[in-house]
Amino acid sequence: MPPSADLPRVPLRTRMTPAASVLAASLLAALPVIATAAVLPPFGLLALLAWRLLRPELWPVWAALPFGLFDDLVSGQPLGSGMASWTCVFLAIDRLDRRFPQRGWRFDWWIAAAASIFVLVAGMLAAALPLTMVPTILPQIAITILAFPAVSRTVAALDRWRLKR
Amino acid sequence: MRPPRRTSPGFSRRAQFGLFAAYVAAVAGVVIGLALVVAARVDPRGFALIRGAAIDAIAPLSAAGRSLVERVSGIDDALYAYVAAGTQNRALRAENMLARRRLIAARGLERENRRLRALLRLAEHTPDRVATARIVGSTASGSHRLATLTAGSLNGVRPGHPVRAPEGLVGRVLETGATAARVLLLADTDSSVPVLIVRNGQPALASGRGDGRLTIRPLVPGPAPFRRGDVALTSGTGGLYPPGIPVAVVDKVDRDGALAWPLADPARLDFVMVEPAFAPPLPPPAPPLAPPAAAPR
């Protein structure tokens with residue numbers, strides 16, 4: 001809904017922090033670490049999931065499209081793989097929101113884990129790798145799932161900072 | 001208190017329509033994304049302009065932090081060297097003795113080689129270099145093993161050019177931006193290099209496994225002609241990689257091949273050379289058939 005004229009203006013910090021933090025997390029793929037195996041979690045996806053699970057009303061369901069496109073460009077994945085898989089995740093989370101409106105934090109972690117596995121495997125398929133290659137990304141999947149709480153905490157801290165008056 | 005859900009827009013027509021439009025946009029986006037993936041599969045060079053611009057944009061970011069990382073990642077080596085100094089010293093002494101003896105033999109061979117080459121009037125193959133650049137980063141979270149190079153199409157780098165370091169082959173250029181390029185590392189599952197084993201000259205194919213190691217398979221059927229410690233060089237077959245670049249050293253021999261580690265560890269590289277794609281000289285064209293001297297009959 002567009003903000004009405006009589007509402008006080010929302011400061012830039014409050015509006016831009018979520019998007020900026022997701023883009024910055026995607027840029028972590030450009031860290032100067034040269035790896036011969038997939039070792040780093042997809043930070044952009046984790047940040048996006050953390051924001052989405054923390055603040056369901058923040059973004060419309062199509063918001064994952066531009067974020068996915070940016071991540072594809074930065075990470076060297078085939079263009080469109082992040083767009084499609086991230087948006088599928090958003091649609092699924094929307095359904096879950098309706099089914100389970102009251103969720104615990106642990107349930108959110110399960111959701112993030114399932115979403116990460118889906119996106120990583122989908123990314124592999126998009127890169128034309130066979131499913132037999134899944135064992136090589138198992139470490140990355142584990143790291144991603146274990147990294148979610150840390151990312152989620154960071155996002156929560158950012159959220160507090162963003163809404164501070 | 002939980003915030004109100006976006007999924008219950010209430011009775012406002014406008015809010016209901018907005019929610020519906022968001023779903024339509026999302027589903028359309030998924031379809032477009034899938035179409036892009038399929039397009040990329042059909043034509044891997046598509047969107048080269050956009051992708052090239054993205055590489056150009058992130059390469060300076062990676063380059064900035066690279067020197068710091070190099071310093072940090074060297075620490076474990078330094079510690080180990082300190083602990084193992086005594087035994088290492090003894091081993092190096094023995095190795096030095098052996099190397100000196102071999103060097104003398106090699107000098108003799110070199111002289112003989114030069115003489116024989118002169119006899120054969122063989123020109124030495126000296127590959128001209130396209131560019132020297134730094135490897136500044138890689139996509140550690142993607143499913144392909146790609147590294148970022150600080151030279152692009154402005155420096156003459158083109159997709160397909162082999163990239164090598166002093167230690168050995170690194171990979172080949174996959175896509176280029178104006179001032180940066182992406183290199184497909186040897187360890188990627190899409191990379192395969194025709195090699196030959198130095199010890200016995202057996203031709204083989206080294207392909208990436210996606211976990212940092214390579215699989216080496218012999219081209220001729222029969223028992224695997226590998227041994228632990230064998231070194232594989234590029235053979236020049238196929239015309240992409242120039243012959244004679246060290247590729248990998250065999251670590252473990254299994255039933256139908258061997259596991260090998262690339263000799264050039266991409267995590268330790270700083271400068272690499274981009275060479276033009278090697279094409280072996282074509283054989284001279286067959287002499288045209290003599291025109292028929294006279295019309296038959």
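Some notes on this structure:
- Unit Cα scatterers, Debye sum, the stretch A:40-137: log10 I(q)/I(0) for q = 0.21, 0.23 Å⁻¹: -1.07, -1.24
- Here the ratio of the Cα radius of gyration of the stretch B:166-270 to 2.2 N^0.38 Å is 1.04.
- Calculated over the stretch B:75-120: convex hull of Cα atoms, volume per residue (Å³): 78 Å³
- Cut-off under 5 Å, modelled amide H: who pairs with B:GLY137 long-range: B:THR148
- Inter-chain neighbour count for B:262-271: the average number of beta-carbon atoms from partner chains within 10 Å of each residue's beta-carbon is 1.
- Based on DSSP H segments of at least four residues, each scored -39500 (n - 2.57), chain A has a per-residue ellipticity at 222 nm of -23000 deg cm²/dmol.
- Across the stretch B:85-99, computed HN-Hα scalar couplings (Karplus, 6.51 cos²θ - 1.76 cosθ + 1.60, θ = phi - 60°) run 4, x, 5, 5, 4, 4, 5, 5, 4, 4, 5, 5, 4, 4, 5 Hz from first to last residue, x flagging Gly and Pro.
- Database remark: amide H of B:LEU205 closer than 5 angstrom to the amide H of B:VAL195, B:ARG217, B:LEU219 (H placed geometrically; neighbours at sequence offset of 5 or more, or on other chains; Pro and chain starts carry no H).
- Membrane-span-like helices in chain A, defined here as complete DSSP H runs extending at least 30 Å along the helix axis by their C-alpha atoms with mean Kyte-Doolittle hydropathy no lower than 1.0, are A:105-126; this is a sequence and geometry rule, not a statement about a membrane.
- Model label points for B:GLU95 and B:ARG158, set 7 angstrom from Cα along the Cα-to-Cβ axis, are 4.0 nm apart.
- Percent of Cα pairs exceeding the 20 Å cut-off, where the set is chain A: 52 percent
- Cα gyration tensor shape for the stretch B:107-218, rounded if a/c is under 1.5, else prolate or oblate: oblate
Read the figures in this text as sums done on the coordinates, not as results from a lab. Computed from a predicted structure; not experimentally measured. Ideal geometry is used to build each Cβ from the backbone, glycine not excepted, and the neighbour counts take in all protein chains shown.
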